[in-house]
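A short write-up of the structure that comes next.
Where a number appears in this text, it was derived from the coordinates with a stated rule and is not lab data. The structure displayed is predicted, hence computed values, not measured ones. No Cβ is skipped: glycine too gets one built from the backbone with ideal geometry, and neighbour counts run over all protein chains shown.
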Number of protein chains: 2
Amino acid sequence: MSFNIERNGKKRVVIVGGGFGGLRLARGLKKSGFQVILIDRNNYHQFPPLIYQIATAGLNPSSISFPFRKIFEDREDYFFRMAELRAVYPADNMIQTSIGKIDYDYLVLACGTTTNFFGNKNIEEAAIPMKTVTEAMGLRNSLLSSYERSVTCSSEKERDELLNIVIVGGGPSGVEIAGAIAEMRRYVLPKDYPDMDVSRMHIHLIQGDARLLPGMNEKSSQQALEFLRKMNVEIRLNTFVTDYTDHEVVMNDGARIPSRNFIWVGGVIANPVTGLPEECFGRGKRILVDEYNRVKGQKNIFAIGDIAFMDADPSCPKGHPQMAQPAIQQGALLARNIRAWENGGEAVPFRYKDLGCMATIGKNKAVANIGGFVFGGFFAWLIWMGVHLMSILGVRNKLFVFLDWVWSYFTYDRSNRMILKARPSQEMNELEKRLQENHWGDIAPEERTQS
Amino acid sequence: MSFNIERNGKKRVVIVGGGFGGLRLARGLKKSGFQVILIDRNNYHQFPPLIYQIATAGLNPSSISFPFRKIFEDREDYFFRMAELRAVYPADNMIQTSIGKIDYDYLVLACGTTTNFFGNKNIEEAAIPMKTVTEAMGLRNSLLSSYERSVTCSSEKERDELLNIVIVGGGPSGVEIAGAIAEMRRYVLPKDYPDMDVSRMHIHLIQGDARLLPGMNEKSSQQALEFLRKMNVEIRLNTFVTDYTDHEVVMNDGARIPSRNFIWVGGVIANPVTGLPEECFGRGKRILVDEYNRVKGQKNIFAIGDIAFMDADPSCPKGHPQMAQPAIQQGALLARNIRAWENGGEAVPFRYKDLGCMATIGKNKAVANIGGFVFGGFFAWLIWMGVHLMSILGVRNKLFVFLDWVWSYFTYDRSNRMILKARPSQEMNELEKRLQENHWGDIAPEERTQS
């Protein structure tokens, strides 16, 4: 296999990862005279802020996903390749991927983060992550299967395990999924499962910090806590999950909760990148960059978004929050700077503009910190909806998300509660095996950390 | 595990399978005083006539699926259980399922058919079936992965294998999927894959019979053939596929077509039912029934839809076509007859009312046989759309299918071309293993044919 792309005399920017940052950068390079090559392990861009609504059957996976090839359709000398990064060879200006090697003039690492299980194997095996569309579909299937099974199982212990939902992590993802499951319990399950005793279903939210939403204003944390408590979510603060054994979640105070729906949104770690020197990596394996997003000690390698750690921005000396906004702003600026470097213009250092942050907790309720204002409730929820609708890629996706929201607002229903699995084909299995095995090039087996 | 359902002094109708027939029967028993229990291996009803549009990324899986629990929401003494039939014990008026045993007063087998590979293991392993939503999602993933891979693979032989699509079976499914893929090749792929030589992509449709759509009027067969040929689908009539080796489809005339997208819609066989005497089964393992859909030699066991074979209906002495209409009509009549038997009324023998049949071949084109009229083209296509929209369960699903159709009509786009897979959770894997292994009750291993 190979990339099969001729340079046609152009300089080449290779972008690894088509999330918010990578896509914004690609857009910024339109008509710049560069050849742009984007690689991603999926053939679609996804919209992380709404992934929890896939898990709770409120939205379709395809409503918040968008094919990369559609985005690149009308752009000259833009190429998409479905591939995974294996290693970077800075000395050769080249990367190794699952589909072969490719050289670059500029390399931009925008490959984001993955779920951090902090090295606990028991937790990693049992817990359900929720960072990707694929994982959210898995979580939906798991929740719906548990409800089905709770009706027919004969053991009371097992029934408790199936009906208890334990969510670890009190950031926006944890708060939003807790609220969405609580709403499902209130409006959907009693109608769907007249023979299930819904009062036996407990939703636990476990947070290591002293408050929920530690990235937001304290007032918002308090409000989120109150909203969730009113919805009968059982919240434990200052509590860490230390293990998972015998279908029980074990906490640092020795308490145990039996649960087979153990959702882990407890932290992220940068996707590993092989081939960069050790000194390029900081806390959480984030790649250290200067204020132009240039990787420490490198000339033409950059990192943007979650995976990058920049302490040179005076507005965020401890690094930027791992959210959409810094990624988008860095992608936009890097496109501008790359153009400037090529055309003899002046590069501009990155300064984060905080546009605020929000989290929603079920219907009619959200908390928001925007431009110095701290507010919550119905108005925050309306803004939350507007902002997210605007940010979703594509007119069709906006329309379908909007319709699904209107529908469930008035019917109190979740329309997508099907346990759906794609049948794996022979061919697909074969491809996946090859993807995993092949094309490590000359990387020694001990260095093969999959990115 | 167990069903956990009390009879409450009511007579019980157990329906196996929630397809067109099973659901229509359940609806017909509303307010009849019966307890109705539906079991199905999925938690949703699916709409087979549009499954091919999932495979070609035109529709969302959730647009043509509908949760059973939603349907049963407002019906008293209606129960849904996600389970698979293991065996019938006619002498005990009981069935064994994956979640335990349940007894019945009336048992209705509506568990349909599955893909028939005619015992060829090579074909079964390599071919992609398209009878369920799950299989169609698998086919979509396979097609999209092949396109991606065709761009980067280095072997010309492999590129041919990836780009050749071979469809076996010239009934409605085969004709419709061939037309839909041909449209994708024409409108979507050249834009999505500017670096793919689309002229190398061949779509082959292989039919054992002397004409396409043998269930329809000859004029329609001819018209379908012409429509498809105009779309550059390569059609072979009177040809059988005999094997699949070395990524090549082998035909009875010795010809071979290299292909890794080998779609099999070449025939169906009844889902196996264990526990009924041998003489209950006819051709294609269909269950022999009298004109009341009563299984041969049984008193209170019935079979409806595809799985049933009735030769007592003078309008169809060779049995009914395995389509939606006979299933729906049989379900409706059986509900009426069961009520009559209980209330001393007179049962009515089944007479099939042929409402016609249709197949669509891409945008603006369809063929139809309705009420003695044989027609094709744009008008047939409009009727095809209207009939299918009306038949889809649920207002939301109708709306979303309609919008997706309007969208792709005007944009010539297929919006759902994401390679989407649900991440399997530990819990799900465990459940599936249990489903497969457990609850065979006292059925000897050699009798364990999974239904």
Gyration tensor verdict on the range B:289-363 (Cα atoms; rounded if a/c is under 1.5, prolate if a/b is larger than b/c, oblate otherwise)
prolate
Considering the rotation that carries chain A onto chain B, locate the chain A residue whose Cβ comes closest to its axis and report the distance in whole Å.
A:N60, 3
Normalised by the residues of the range A:1-75, what does the relative contact order come to in percent, with Cα pairs under 8 Å and at least six apart?
28 percent
Dipole magnitude of the range B:121-266 about its Cα centre (Cβ charges: Lys, Arg +1; Asp, Glu -1), debye to nearest 20
360 debye
CD proxy at 222 nm, helix term only [per DSSP H run n ≥ 4: -39500 (n - 2.57); per residue of chain A; nearest 500]:
-9500 deg cm²/dmol
Where in the range B:105-142 does the label zone of B:D243 land, with the point 7 angstrom along Cα→C-beta and an amide N cut-off under 20 Å?
B:117-128
Go through the range B:55-162 and name the trypsin sites (Lys or Arg not before Pro) that are in a DSSP coil and have 16 or fewer other Cβ atoms within 10 Å of their Cβ.
B:R75
Using 0.36 nm per residue of separation minus the Cα-Cα distance, give me the extension gain between A:R7 and A:D290 in nm, one decimal.
99.0 nm
Say a paramagnetic label sat at a point 7 Å from the Cα of A:K230, along Cα to Cβ; which residues of the range A:169-204 have their backbone N under 19 Å from it?
A:175-188, A:203
Kindly point out which whole DSSP H helices in chain A project their C-alpha atoms 27 angstrom or further along the helix axis while averaging a Kyte-Doolittle hydropathy of -0.5 or above.
A:133-152, A:324-343
Using a 10 Å cut-off on Cβ atoms, rank the peptides B:371-379, A:414-422 from the highest mean neighbour count down.
A:414-422, B:371-379
Would you give the gap between the C-alpha center of the range B:286-357 and the C-alpha center of the range A:137-156, rounded to a whole Å?
35 Å
Label-to-label distance, nm, for residues given as B:K353 and B:K30 (7 Å Cα→Cβ offset):
1.9 nm
Let me know the shape class of the range A:199-255, please: from the alpha-carbon gyration tensor, a ≥ b ≥ c as square roots of the eigenvalues, rounded when a/c is under 1.5, otherwise prolate if a/b is greater than b/c, or oblate.
oblate
Explain nothing, just the number: relative contact order of the range A:121-266, from Cα pairs under 8 Å at least 6 residues apart, as a whole percent.
34 percent
Any aspartates and glutamates whose Cα falls less than 13 Å from that of B:K31, other than same-chain ones fewer than 8 residues away, would be B:D74, B:E76, B:D77
Here are some pairs, A:K318/A:K363; B:K121/B:K230; B:K363/B:K398; A:K191/A:K365; A:K121/A:K365; which of them have Cα atoms lying more than 27 Å apart in this structure?
A:K318/A:K363; B:K121/B:K230; A:K121/A:K365
When a/c reaches 1.5 or more, the comparison of a/b and b/c decides; with that in mind, is the protein assembly as shown rounded, prolate or oblate per its Cα gyration tensor?
oblate
Can you list residues from other chains, or at least 5 along the same chain, whose modelled amide H is less than 5 Å from the amide H of B:F281?
B:L288
Over chain B, what is the relative contact order in whole percent, taking alpha-carbon pairs under 8 Å and six or more residues apart?
20 percent
What is the Cα centroid distance between the range A:99-117 and the range B:195-214, reported in whole angstrom?
39 Å
